[in-house]
1. For segment 77-121, which positions are farther than 24 Å from residue 170 by Cα and part of a helix (DSSP H, G or I)?
2. When you scan segment 17-30, how many residues do you find that are near the ligand (Cβ under 7 Å from one of its atoms) and crowded, with 19+ Cβ neighbours inside 10 Å?
3. In segment 157-180, how many are in contact with a helix residue (DSSP H, G or I) (Cβ under 7 Å, 6 or more places away or on another chain), open to solvent by 90 Å² or more (accessible area, probe 1.4 Å) and assigned to a loop (DSSP other than H, G, I, E, B)?
4. Taking the options 247, 281, name whichever one is β-branched (Val, Ile, Thr) and over 25 Å from the mean Cα position of the chain (by Cα).
5. Can you tell me which residues in segment 131-156 are surrounded by 20 or more Cβ atoms within 10 Å (Cβ to Cβ), out of contact with any strand residue (DSSP E or B) (no Cβ under 6 Å at 6 or more places or on another chain), of a type in the set (A, V, I, L, M, F, W, C) and part of a loop (DSSP other than H, G, I, E, B)?
6. Could you list, in sequence order, the residues of segment 32-52 that are within 13 Å of the ligand (Cβ to nearest atom), in contact with a Pro (Cβ under 8 Å, 6 or more places away or on another chain) and modelled with pLDDT of 95 or more?
7. List the residue pairs whose Cβ atoms are under 7 Å apart, where the first residue sits in segment 13-27 and is outside any helix (DSSP H, G or I), the second is more than 7 Å from the ligand (Cβ to nearest atom) and polar (S, T, N, Q), and the two are 6 or more positions apart or on different chains.
8. Of the residues that make up segment 31-50, is at least one part of a helix (DSSP H, G or I), open to solvent by 20 Å² or more (accessible area, probe 1.4 Å), in contact (Cβ under 8 Å) with a residue 60 or more places away in the chain and not small (Gly, Ala, Ser)?
Amino acid sequence: MTFKELHIDEPILKALEKKKYEIPTPIQEQAIPVALQKRDLLGIAQTGTGKTAAFAIPIIQLLNQPQPRGQKRQIQALILTPTRELAIQIDECFSDYSCYTSLRHTVIFGGVNQKPQVQQLQQGIDILIATPGRLLDLIAQKYITLEHIRYFVLDEADRMLDMGFIHDIRKLLPLLPRRRQTLFFSATMPLVIATLSKSILYKPVKVEVAPVSSVVDTIEQRLFYVEKPEKSKLLLSILEKEKRKAVLVFSRTKHGADRIARVLNRQGIGCEAIHGNKTQVARQRALTNFKSGKTRVIIATDIAARGIDIANLEMVINYDLPDVAETYVHRIGRTGRAGNTGTALTFCSQEEKIMIRDIQKLTGKKLKTISIPA
Ligand code: AMP
C-alpha cells in the first residue's frame, strides 16, 4: 500500500516524499481512509506508530480547498494534546506535511508568555494545536472561538486523564459545534476513557494497532557491549558462525550502511545496502536478491527498512542503536514472526548505553548481555 493508493493529494504526496516517507504505517493505512470519508475515528495507538500523520494528513487534505478571497481565516481544526512537547512535535508535523499548501497553523501551550501566541492567532489560523489549560485561558479572553471547528482531534486521551485534564476537556466540549468530525486517540482504553469516547464520538470506526512496546517471546534478544571500531570485527565473526541465516543489519546512517556493506563484501559475504540514496529499482533488486537467497545479508537504514516484509527472517542485528526506543521494537519485530523463532543482536558502544535503559523500560525486559570472546 502506498500513500497514493490512499488517495492523498499531490501537494501532500510531495511533502511526504520530501520527508522520505515511502509507505504508510499500519495506523495510517487504516485511519486515513476513515478520516477522509469524514467518519469519526476511535484510534488505539501509541506514540511511535505514526499516529500524528494519521490525523494530520487527512485534516490537511480536507482543509486544503481554495480560500474565498477577502474572507478572514477561522480556526477549522483543533488538535488537543496533553503536553507542550507533544504540541510542538505535532505543530512541526503540520509544518512538514502542509508545506506545499497555503494552510496556516499554530501552537499554543502554557508556561510561557501568551503574547506571541495571541499575535499568531490574530493573523488568522486554519489549524490550532493546543494544550487544554492555555486554550481555555485564551478562549476566556476572547482571543479564540471554537465555533468554526470542523475537525477535532483529541490526542493521547489516557494521558490527559493521568494529567488531570479531563475536567478541562469536559469544559471545552460544549464550546465545539455539534456538527464536526472527531478523531479520538488513546494508547489504552480504561473504562473512563471508553465512556468519554462514547460521549464525544458519533458512530466511530475503531482502529487499533499493536503497541510498539510489545516484544514477542519468540525473539531471543542479546546485547553486546562493543566499541565502535570493534563493531565490524564482531559482525564478521557472528556472520561466519551463523553461515546459513538470513540476516538484516540495521545502520543508523546511510554512509554507515554503505561502509558495512563494503567491509562484508571484501570478506566475501554477499550483501547489499538499502537506503534513501539508492533508487527504488536498486532497492527492489536488493530485496529480491535477499528474498531469493542470492544475498544472505541486507543492511538497511530505518526508513528504507519500513518497506521490507520478509517472512521468516532469522536474525536482526542492530549495528547501531536507534535514537528512540520504539524503533528498536520495530526493528527486531521483523524476526520471530508467524510462530517462527528469531534472534535480535544489539551492538552497544559506551556512548549508546543510555538507550539500553530506555529500551528496557519500554519493553519491560532486561536484555541479556553476551561477553565477546577475545
Ligand atoms: P508518531 O507516532 O506520530 O510520533 O510518529 C513516529 C515517528 O515516525 C515520527 O518520527 C515520524 O516522523 C515517523 N513517521 C511517521 N509516519 C511515517 C512513515 N509513513 N514513514 C516513515 N516514517 C514515518
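1. Within segment 77-121, 89, 92, 93, 94, 95, 96, 97, 115, 116, 119, 120 meet the criteria.
2. Of the residues in that region, 4 qualify.
3. 0
4. The conditions single out 281.
5. 144
6. 32
7. Listed pairs, sorted by first residue: 23/2.
8. No, every residue in segment 31-50 fails to be part of a helix (DSSP H, G or I), open to solvent by 20 Å² or more (accessible area, probe 1.4 Å), in contact (Cβ under 8 Å) with a residue 60 or more places away in the chain and not small (Gly, Ala, Ser).
The values are calculated or read from the model by the stated rules, or taken from the named source; none is laboratory data. The structure displayed is predicted, hence computed values, not measured ones. Because the Cβ atoms are built from the backbone with ideal geometry, glycine has one as well, and the counts that use them run over all protein chains shown. For accessibility, only protein heavy atoms count, side chains too; no ligands or nucleic acids. Shrake-Rupley method; radii C 1.70, N 1.55, O 1.52, S 1.80 Å.
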